[in-house]
Amino acid sequence: RPRPRPLPAGRGAPRRGFGGRRRARNLGRRARPRASARLGHGRRRRRAGWLRRGRERADVADRVAKNPALLLGQRSRGLARGHVALPGDRPSFMMTRNPIRGNRSVLPAMRMLLSNDDGCHAPGLEALAAGLADLGAIVVVAPDRNRSGASNSLTLDVPLRVRLQATNRYCVNGTPTDCVHLALTGLLLDEPDIVVSGINDGANLGDDVLYSGTVAAAMEGRTLGYPALAVSLLDGEERPYGTAVRVVRDLLGHLPKAGLPPNTVLNVNVPARPYEDLAGLRATRLGSRHRASGAVVGQDPRGRRIYWVGTAGEIADAGEGTDFEAVQQGYVSVTPLQIDLTRHTAIPLLARWLGGTPFRG
């Protein structure tokens with residue numbers, strides 16, 4: 001039986017342990033020059049990788065020079081893959097691929113937070129999420145059921161629970177305002193670029209904005225410092241949500257150039273017709289309605305009296321420049337709303353009246 005070769009000593013000596021004798025025997029049979037050869041081979045592989053990545057960067061740079069839209073995320077295959085990561089239990093907008101630096105996301109696509117008041121399973125919200133998916137990363141945080149008419153209410157008497165419905169969809173047992181507030185103050189790890197609320201099943205015209213949960217979700221996003229958009233589709237025989245989606249895409253493409261005041265929320269109402277049949281976009285003011293109809297009185301199976309809120313009042317102000325007039329003529333109504341409800345023109349009159357009123361502390 002031949003005697004085994006002596007084991008190398010020093011830094012290259014094998015460690016004893018599980019299987020250490022076999023590793024030691026194999027290491028003793030190897031020659032030292034082969035280790036240096038392997039080191040040289042690793043250097044050659046790294047150098048080849050550097051050259052290959054350099055050629056890829058040059059090729060991508062040429063493609064971007066020919067098509068600058070790649071930088072905007074409109075046609076880039078990587079930038080169109082916006083989805084949510086879940087580090088722990090908090091969602092995050094994943095940084096999408098940058099066409100200049102491969103997997104290093106230096107120029108992320110647009111990050112959008114979507115919500116509504118019709119519920120996380122509403123067809124309008126699903127159509128909106130699908131229609132905006134190629135523009136960037138999307139996270140949906142919406143009520144777990146229909147919360148129409150919830151306005152700007154917050155849930156303060158019970159805790160809020162968030163349920164993961166899909167990869168980028170979360171349902172909350174709260175109001176639309178709860179959903180946006182929770183998403184922007186504790187749920188999301190990354191900040192969105194814009195908050196889009198809708199697509200609401202029905203119009204939000206005139207006085208409707210005071211009660212609308214769709215408008216309230218956008219208002220909450222604007223209150224917390226983010227650009228916001230509320231989108232509604234008018235009633236009709238058909239529900240062309242695709243028309244509203246295309247309108248939203250048009251507005252998102254031009255919104256950065258609008259130069260609107262920072263406290264502005266856009267309330268968008270889209271007529272229920274094909275996109276090609278729209279007359280255009282029109283900037284409008286809010287109209288008004290007459291007083292709502294009376295409450296509907298009923299009786300439950302136990303003989304107790306119940307009440308249903310009456311329907312909205314008829315149109316009172318549909319004059320020139322109102323949102324009612326625009327949608328009646330086939331235009332998309334875009335109304336700028338503000339959070340400040342102060343009647344500034346009445347302050348001097350009120351001050352004079354208060355100045356002449358005796359006050360006894």
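Read-outs: derived from the displayed coordinates by stated rules, not from any lab. Keep in mind that this is a model prediction, so the values were computed, not measured. Positions of Cβ are generated from backbone atoms using ideal geometry, with glycine treated the same way; all protein chains shown enter the neighbour counts.
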**Message:** If a paramagnetic tag sat 7 Å from the Cα of Asn173 along the Cα-Cβ line, which residues of segment 127-161 would have the backbone N under 16 Å from that point?
**Reply:** 142-147, 155-161
**Computed E for Lys257/Arg343 - FRET, C-beta separation, R0 41 angstrom, nearest 0.05** = 0.85
**Item:** Largest to smallest principal axis extent of the C-alpha atoms in segment 239-361, angstrom
**Value:** 64, 55, 25
**Cα-centred dipole magnitude for segment 175-244, charges only on beta-carbon of K, R (+1) and D, E (-1), debye, nearest 20** = 140
**Request:** Assuming R0 = 30 Å, can you tell me the calculated FRET efficiency for the pair Asp157 and Leu224, based on Cβ-Cβ distance, to the nearest 0.05?
**Result:** 0.85
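Wrap a convex hull around the Cα atoms of segment 192-288, take a quarter of its surface area, and give that in square nanometres.
6.3
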**Request:** Give the residue from Asn146, Val245, Leu164 lying farthest towards the positive end of the charge dipole for segment 122-246; charges sit on Cβ (+1 for Lys and Arg, -1 for Asp and Glu) and the dipole is referred to the Cα centre.
**Result:** Leu164
